[in-house]
């Protein structure tokens, strides 16, 4: 066994603090917290461990029943329990609930168990109408018996989706067993634990063919095994859960705690968190806001369950969780919304809109606060205070569970100040995504490459996500409900904002789980600024469409450049904007004149120099352009994009779409415009008269722009070339910013294939002031040559400083 393997079972100073306190009022009594003495057996500790899980589910016995928030949350539990118990009838023969009778759809099994768990929670929480109700208890016990007799257990054949049998149903049945534990009786409890153990016996493996469990699935499976082990008093199983999180059996290859791009985990599937904050699931799908948030949420529960016991997680890689929060969630959230580009197929579920994903993240971080005492705990506290306060669309305190409400109130009452709005530019090269945060807006850019899939559509979900990674640009403003309130079923999926596409509608789910044939996707950023260059080589799925796309994020101005847009057939379009309108008649100004504001209006706007959409911002076209505009009321159902979880109720929403038409079978088409998020009409007009950014190059060799205010030069080199005073020997993304006698330079290899990048910058008297071991420089007759070692960096930015003599 290596030293690293040994440390996985060694309580380190920092990790030992996990046992000091729990996020919620959870504490093992007496000897379980003792620093010395013989370890108690799992059977002896089982009541205390059950109490911990019970408290996670109910908030515990010591809630302040005079607190208005607690009273309101208790009432929510009661209402949810009443809804869940509607139709519950253990005397039925076709199904426990009249609407969940299928023997071919496995989610009917999971949903039946979830309803039992929800109703059991209401029965277990003091203050609800159902608390301790004997009639409900009889129905719940009968419901458990019915499911074990007719649907779930060793004598039944599984069908449809393994997730339901091994994770979804098992999690809910475990919760029900904890909530009703003292009423189940020994025989029924044995049937429950045997049924769960039948489907989910090993925290390392899952599916009927016993595949290695990875990412969120490994944490889900581990959670099932852990709670089942508590119910059975099985310490060996708890030890396997602890070790499974680190993948001790697989030498760490599929550890959920290790970054998947470093150490032993680099030999795994690539699923999980990377050191840049990216999260991948199902091999190559970006999924921070889907599986990533579920991993974080369930891991935080496990850490609470095991803290201070003989099975405390002591892997030093646990410290990486801090990076997940700081780099993998914070930059991908905007005022309570998680950027849709990293939510995978969950954007097509009606239950996941309305900032629901952010709620899961906040609850998880609240549970993590005591796991990282000191400065990290203060930082997490500052984060959750900010996240809760800045979401004016969905009041976290009015929707969260009782246990998280207690933790949130404790954080809010602490002396730690809220972090304040995020102002940052963050790129995630391991998943081809970028996020740009300014005080008034957030912007998410979604690309894909040979390394990353375009979108996921499995289980008949997300059927029209064709263009989610074709350069989609999502703008987040104070319209906090923009991507909620039925955006994804009603938006035109063939014209997502920022994308370059061929007109027409592919077949449902066409091309899903496909990588591009292009390597160039990514960019570079200047540290501690909101200055970044991002780009992608677009090679569209299923057609000959090809193009080069750049976004130069320069504080409050986004310079959008496209070139080489070519297709052998079909009409190509670049979508400038596609906005769901908060005000259906939001004013659109075209060169200062108001366009018609009624639905059904469309026009080809010629010689456009600037546009302004009230409530959204401005668009400046330094080269006057032709822009197509369309106002429409779009009606759809969620079922159209999600056969599994969608609903059939039609919903209608107003939209304004703006796009460039590159014509049929274009050859070498392009575009250049400045996006000014949240800018006023007056500011847009002023900037159109004196554009703050100049286009330097828009060829198939290089895209480059210069900002007039400080001379900043931003360039994406598709191959070796020159942009004014800057030359590069091949594919690269480069930023050059003069400031006094210093020149800041940032560069990267977005193809992630080059071992070195060499750039030359003209200018006499330039010398290297700082840059680190990967950077060297040599003077040239006209300036300086910089050689950067980019081997193994996977698209990460290198930065350096030059000095003028």
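Cβ-to-Cβ counts within 10 Å put 51, 441 in ascending order as 51, 441, the fewest first.
Taking 0.36 nm per residue of sequence separation and removing the Cα-Cα distance, the residue 517/residue 239 pair yields an extension gain of 95.7 nm.
Which shape class applies to region 424-691: rounded if a/c is under 1.5, otherwise prolate when a/b exceeds b/c and oblate if not, where a ≥ b ≥ c are the square roots of the Cα gyration tensor eigenvalues? Taking the square roots of the gyration eigenvalues as a ≥ b ≥ c, region 424-691 is rounded.
Note on residue 397 and residue 607: the model spin-label points, each 7 Å out from Cα along the C-beta direction, lie 5.7 nm apart.
Spacing of the modelled spin labels on residue 758 and residue 510, each 7 Å from Cα toward Cβ, amounts to 4.5 nm. Modelled label positions at residue 103 and residue 131, each set 7 Å beyond Cα in the direction of Cβ, lie 4.2 nm from each other.
In plain terms, the chain from residue 43 to residue 67 could stretch by 5.0 nm, reckoned as 0.36 nm per residue minus the Cα-Cα distance. Against the longest principal axis of the chain, how steep is helix 293-306, in degrees 0 to 90 to the nearest 10, with axes from Cα atoms? Taking Cα atoms only, the helix is inclined about 40 degrees. Helix 42-58 and the longest principal axis of the C-alpha atoms of the chain enclose an angle of approximately 60°.
Each of 695, 548, 184 was scored by other Cβ atoms within 10 Å of its Cβ. Listed from fewest to most, they are 695, 184, 548.
Using C-alpha pairs under 8 Å with a sequence gap of at least 6, the mean separation divided by the residue count of the chain gives a relative contact order of 9 percent.
Would you indicate which of [x] 56.3; [y] 34.9; [z] 31.3 is the value of mean projected area of the Cα convex hull in nm² derived from the coordinates of this structure? Calculated mean projected area of the Cα convex hull in nm²: the matching label is [y]. Centre-to-centre separation between the Cα atoms of region 523-598 and those of region 80-126: 47 Å. Computed from the C-beta positions of residue 643 and residue 210, the FRET efficiency with R₀ = 30 Å rounds to 0.55. This ranking places 641, 565, 458 by how few other beta-carbon atoms lie within 10 Å of each, fewest first, which gives 458, 565, 641. Report, in whole Å, the centroid distance computed from the Cα atoms of region 670-686 and region 478-495. Measuring centre to centre over Cα atoms gives 22 Å.
Between helix 375-390 and the chain there is an angle of about 80 degrees, using the helix long axis and the longest principal axis of the Cα atoms.
FYI, it's all coordinate maths here, none of it is from the lab. All values derive from a computational prediction rather than experimental measurement. Heads up, the Cβs are rebuilt from the backbone with ideal geometry, glycines too, and the neighbour counts pull from every protein chain shown.
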